[in-house]
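The values are calculated or read from the model by the stated rules, or taken from the named source; none is laboratory data. Everything quoted here is computed from the prediction, not taken from an experiment. Heads up, the Cβs are rebuilt from the backbone with ideal geometry, glycines too, and the neighbour counts pull from every protein chain shown. Calculation scope for accessible area: heavy atoms of the full protein, side chains included, ligands and nucleic acids excluded. Shrake-Rupley method; radii C 1.70, N 1.55, O 1.52, S 1.80 Å.
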Protein chains: 2
Amino acid sequence: MTIAEERCNKDGARFTDLRRKVFEILLMQGRPMGAYAILEQLRDAGLSSQPPVAYRALEFLIAHDLAHKVERLNAFVACVNPGQTHAPAFMICRLCDGVAETHAEPARGALGATARAAGFQIEKTMVEAIGVCPSCVDVKERPDQ
Amino acid sequence: MTIAEERCNKDGARFTDLRRKVFEILLMQGRPMGAYAILEQLRDAGLSSQPPVAYRALEFLIAHDLAHKVERLNAFVACVNPGQTHAPAFMICRLCDGVAETHAEPARGALGATARAAGFQIEKTMVEAIGVCPSCVDVKERPDQ
DNA sequence: GACAGTAGCGCAATAATGTAACAGAAATCG
DNA sequence: CGATTTCTGTTACATTATTGCGCTACTGTC
Ligand SMILES: [Zn+2]
Ligand SMILES: [Zn+2]
Ligand SMILES: [Zn+2]
Ligand SMILES: [Zn+2]
């Protein structure tokens, strides 16, 4: 995996230790993480743990398509197909907060037509589906922590 | 407009003064508002202005399809077609933070197929497009306050 | 290597957004 | 009316995010 990131490095971006570490944390977790959860991991690793540290690294990772922000959860997740410019879509489980990334281009369909008709120039779309994941179909209530 | 809300009242929900007031504030503004901006308006109107007051009213309005949350902005906006159960989509201008509501059902297309294949039960989808609105096409930079 | 310019990082302080918990008021129903 | 439920007021706190500033580390030119 670290190979793909080195490649992304070649568009003039510096994949520093800190950014690599944050990316590793996200990969390791495999689930959406809040910025402050990332900071905890950074602290455990002996690095600085002030909020801007995490937010800046995340901004970088997002800009280079290595991670995404899940708006609904105010959380961040490693991309499943890092380094490729793409339009991600997420399926978010409301019971376990697990997230699956897939691909969607709503701008190609009806939304795109509406936007063109309105003179709105779409640059990016966010699609997040809320529901219940396969592992949670039996669960009735939210376990909550 | 207040007629439509009374109708929604008929599904057993109580459209109290406070909830009406918050809805009016959103309608009046015609733009997304943060919860704390709503609280300011409530204070000006002589009502209580503690955060839970706004959040509870908003929760109610959203549950009854009178308003929506724009996740990208952490802000709330009056629905353009209140009272109808529907799947809204937003076009958000990154320059002026203006929002236009339209309609989208990504769950009917490729995303729905992916979800079914994965065993994920979609209950609701959030679609938000970021771009530039017709009024801002000339603007280069973000005016920012 | 010396130097200037730029990008990244450490840190402090604070802003903005959102919730939990509980008590009192008000509507609803018998 | 009393019992029940729903709504509201309030305190206190939790979570998420940003601004600003100064220092360090890299990058390129001379
Ligand atoms: Zn991705
Ligand atoms: Zn789940
Ligand atoms: Zn709507
Ligand atoms: Zn605009």
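Could you compute the longest span of chain B free of trypsin sites (Lys or Arg not before Pro) located in DSSP loops and having at most 11 other Cβ atoms within 10 Å, not counting the site residues? By the stated rule (loop sites, at most 11 other Cβ atoms within 10 Å), B:15-139. Within chain B, helices built from complete DSSP H runs that reach 15 Å or longer along their own axis (Cα positions) and carry a mean Kyte-Doolittle hydropathy of 0.0 or higher are B:17-29, B:51-63. If a/c stays under 1.5 just call it rounded; otherwise compare a/b with b/c (prolate if a/b is bigger, oblate if not). Do that for the protein assembly as shown, with a ≥ b ≥ c from the square roots of the Cα gyration tensor eigenvalues. Taking the square roots of the gyration eigenvalues as a ≥ b ≥ c, the protein assembly as shown is prolate.
Put simply, chains A and B cover up around 2700 Å² of each other's accessible surface, both sides summed, when a 1.4 Å probe is used. Within the protein assembly as shown, antiparallel bridges make up roughly 75 percent of the DSSP beta bridges whose residues both belong there.
The rotation axis bringing chain B onto chain A passes closest to the chain B residue reported with its distance as B:71, 2, by C-beta distance in whole Å.
Remark: spin-label model distance residue A:48-residue B:49 equals 3.7 nm, labels positioned 7 Å along the Cα→Cβ axis.
Here the sum of -39500 (n - 2.57) over DSSP H runs of 4 or more residues, divided by the residues of chain A, equals -11000 deg cm²/dmol at 222 nm, to the nearest 500.
Rounded to 0.05, the FRET efficiency of the residue A:9 and residue A:81 pair, given R0 = 22 Å and the Cβ-Cβ distance, is 0.80. For residue A:137, inter-copy separations between label points set 7 Å beyond Cα along the Cβ vector come to 4.8 nm, shortest first. Spacing of the modelled spin labels on residue B:31 and residue B:118, each 7 Å from Cα toward Cβ, amounts to 3.6 nm. For segment A:1-81, the square roots a ≥ b ≥ c of the C-alpha gyration tensor eigenvalues yield an a/c of 1.5 or more together with a/b not exceeding b/c, which makes the shape oblate.
For the residue pairs A:69/A:124; A:69/B:124; A:124/B:21, the alpha carbons lie more than 24 Å apart in A:124/B:21.
Distance between the modelled labels on residue A:62 and residue A:103, one decimal in nanometres: 2.3 nm (7 Å Cα→Cβ projection). For residue A:135 and residue A:21, the difference between the fully extended length at 0.36 nm per residue and the C-alpha to C-alpha distance is 38.1 nm.
The residues of chain B expose on average 55 square angstrom of accessible surface per residue, using a 1.4 Å probe on protein heavy atoms. Solvent-accessible area of segment A:1-81 (1.4 angstrom probe, protein heavy atoms only): carbon and sulfur portion equals 50 percent. Oblate is the label for chain A. Its Cα gyration tensor axes, ordered a ≥ b ≥ c, give a/c of at least 1.5 and b/c at or above a/b.
Label-point spacing for residue B:74 across the identical copies (point 7 Å from Cα in the Cβ direction), in nm and ascending order: 0.5.
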